[in-house]
1. Given labels modelled 7 Å from the Cα in the Cβ direction, how far is it in nm from Glu135 to Lys151?
2. Please list, by residue number, every one of the chymotrypsin sites (Phe, Trp or Tyr not before Pro) in the range 29-121 that is coil in DSSP and has at most 16 other beta-carbon atoms within 10 Å.
3. Using only alpha carbon positions, build the gyration tensor of the range 8-154, then give the equivalent ellipsoid semi-axes as the square roots of 5 times its eigenvalues, largest first, whole angstrom.
4. Can you give the calculated 222 nm mean residue ellipticity of the chain, where each DSSP H run of n ≥ 4 adds -39,500 (n - 2.57) and the sum is split over every residue, rounded to the nearest 500 deg cm²/dmol?
5. For the range 4-112, which trypsin sites (Lys or Arg not before Pro) are in a loop by DSSP, counting at most 11 other Cβ atoms within 10 Å?
6. For the range 50-98, what is the convex hull (Cα atoms) projected area averaged across all directions, in square nanometres?
7. Run the numbers on the range 1-136 and let me know its relative contact order in percent, using alpha-carbon pairs under 8 Å that are six or more apart.
8. Grab the beta carbon distance between Asn17 and Val73, set R0 = 25 Å, and tell me the FRET efficiency rounded to 0.05.
Amino acid sequence: MSEEETKTSELVRMLVNGTTYQMLDAAAALGGIGEGAVLDVAPLLRSVHRETRWRAAVALERVGPPAVEALMVAAGDLDWRVRVPAIWALEHIGDQRSIPSLLENLHGKNECCRWMAAAALNRIGDDEIRQTVEEVFVADPFGRGVVEELKEGS
């Protein structure tokens, strides 16, 4: 194992097992590694442990645009528990390439994914995309309210 692989492996271990502060430090360091960290972190999005999935999403958000493709794959996963943190990370990266994945979730069956995708699309989409989001929630005032709350908190 190379020195860089050893460093990345240690950072992933801290990401998963560390305290909140250690996790945030590890996420920032993995973000600094960039694309080289994606293949080590992205599989964690499918963890059975909710906290591990979210820690992975934080790290991939710190990686930024090089993580978008892996996050788009996760946003298309059959398991909504994998999709939600991926959608969150895509929103915070703000890359236009994620719009098709977010639109799929907007029109999907899982409410949580729909709401998260709507908030993300409102943040990174253009006027036409925001109009699409509005139309999806015309007959769903509760969902529209949730999306408004998510937009405020994002």
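Just so you know, all these numbers are worked out from the coordinates, no wet-lab data involved. These figures come from a predicted structure and were not determined experimentally. Here the Cβ positions follow ideal geometry from the backbone for every residue, glycine too, while neighbour counts run over all protein chains shown.
1. Taking the simple label geometry, Glu135 and Lys151 are separated by 1.7 nm.
2. On the way: sites: Trp54, Trp80, Trp88, Trp115; in loops: none.
Here no chymotrypsin sites (Phe, Trp or Tyr not before Pro) fit, given the DSSP loop and packing criteria.
3. Numbers: eigenvalues 155, 41, 32 Å².
For the range 8-154, the semi-axes come out at 28, 14, 13 Å.
4. Details: 10 runs with 117 residues, N = 154.
Helix contribution divided over all residues of the chain: -23500 deg cm²/dmol.
5. Values: sites: Lys7, Arg13, Arg46, Arg50, Arg53, Arg55, Arg62, Arg81, Arg83, Arg97, Lys109; in loops: Lys109.
Those satisfying the criteria are Lys109.
6. Computed as one quarter of the Cα hull surface, the answer is 2.8 nm².
7. Values: 192 pairs, mean separation 22.7, N = 136.
Once divided by the residue count of the range 1-136, the mean separation gives 17 percent.
8. Values: r = 25 Å, r/R0 = 0.99.
The pair Asn17/Val73 has a calculated efficiency of 0.50.
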